[in-house]
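Structure first, then comments.
What follows draws every value from the coordinates through simple rules; no lab data is involved. The shown structure was predicted, so the numbers you read here are calculated from the model rather than taken from an experiment. Virtual Cβ from ideal backbone geometry, glycine too; neighbours counted across all protein chains shown.
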Amino acid sequence: MTANPNNLNDAEDTPTYSVEQATEVIRSRFPDFTIEDIYFCGEGSDFCAYAVNNDYIFLFGTDQESAERLAWEQHLLPRLQSKLNIALPQFEAVCSMDWRCRL
């Protein structure tokens, strides 16, 4: 795994979920998924984001409401895609706060 290229040194830049926690959750939910590198991308008021293997972005809701919004986005974005001429994220899997996954 590679180190975080964002150089998080300040306390206010500390993510809600550490690299270790994010890695543990991903491995427990997707045991066949190989993590070669992972780094913190950023965090807003609702989500903590990690880039994995330079191909995937994993979003972690900071609370139950945030996790519910991710599920809502999973259903909304495909409907918007046909109406917009821009690239939108494509969800491949969503886990609820109790970490049950839907693929």
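Between Glu68 and Thr16, what is the spin-label point distance in nm, taking each point 7 Å from the Cα along the Cα→C-beta axis?
Inter-label distance under the simple model: 1.4 nm.
Across all directions of projection, what mean area in square nanometres is found for the Cα convex hull of the stretch 11-102?
6.6 nm²
Can you list the residues of the stretch 56-70 with backbone N under 14 Å from a point 7 Å past the Cα of Asp37, pointing along Cα to Cβ?
56
Work out the FRET efficiency for Val25 and Asn54 from their Cβ-Cβ distance, taking R0 = 22 Å, and round it to the nearest 0.05.
The formula returns an efficiency of 0.70 here.
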